[in-house]
1. What spacing in nm lies between the two simple spin-label points modelled at Arg25 and Glu89, each 7 Å away from Cα in the Cβ direction?
2. Quick check on the chain: helices-only [θ] at 222 nm, where DSSP H runs of length 4 and up contribute -39,500 (n - 2.57) each and the sum goes over total residues. Nearest 500, please.
3. Rounded to the nearest percent, how much of the accessible area of the chain (1.4 Å probe, protein heavy atoms only) is carbon and sulfur?
4. Calculate the FRET efficiency for Asp36 and Arg69 from the Cβ-Cβ distance with a Förster distance of 22 Å, rounded to the nearest 0.05.
5. Rounding to the nearest 10 and keeping the result within 0 to 90°, find how far the Cα-based axis of helix 41-53 lies from the longest principal axis of the chain.
6. Kindly report the accessible area of the chain per residue (heavy atoms of protein chains, probe 1.4 Å, no ligands, DNA or RNA), in Å².
7. How are the alpha carbon pair distances in the chain distributed across 10 Å bins from zero to the largest one, expressed in percent?
Amino acid sequence: MLNTTALDTAEARLGAAYAVEQHLRRHGASLCDLLDALDDPSGFAALCDLHGAFGQPIPDADAVEAALRDIRRILADQAPTSLDRIGHERGLPASDMTRWHGARVSELLGRFRHAD
């Protein structure tokens, strides 16, 4: 007997992963610039993990969710003084970028929670 609940959940998680992929196509360069500028190299590594999750014909929804969680944590852990310094040194609106990307990552993670 086919478990339609499990299939519905898997389909919803896959849909959430595809939404992340679409977001990365539009805003990935900006997120990459921000994560590269931060003092935490694990942020850039998490972005690489996120891209790697899409290297298969069907993305690994668990890997996508895990990478998003890491990115959200890294963005949330940034001290305002550090963001101000980055803004000054690199000419990036690091504080605004961090808030914007943090909000978008949280929204994308919400799609995974609603899929379970």
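The values are calculated or read from the model by the stated rules, or taken from the named source; none is laboratory data. Computed from a prediction, not measured in an experiment: that's the story for all the values here. Every residue, glycine among them, receives a Cβ derived from its backbone with ideal geometry; neighbour counts consider all protein chains shown. Protein only, heavy atoms only, side chains kept; ligands, DNA and RNA dropped before computing areas. Shrake-Rupley method; radii C 1.70, N 1.55, O 1.52, S 1.80 Å.
1. Label at Arg25, label at Glu89, 3.5 nm between them.
2. Rounded to the nearest 500, the figure is -28500 deg cm²/dmol.
3. Taking all protein chains in place, the chain shows 54 percent carbon and sulfur surface.
4. 0.65
5. 30
6. Heavy-atom accessible area per residue stands at 57 Å².
7. 14, 45, 26, 11, 3, 1, 0
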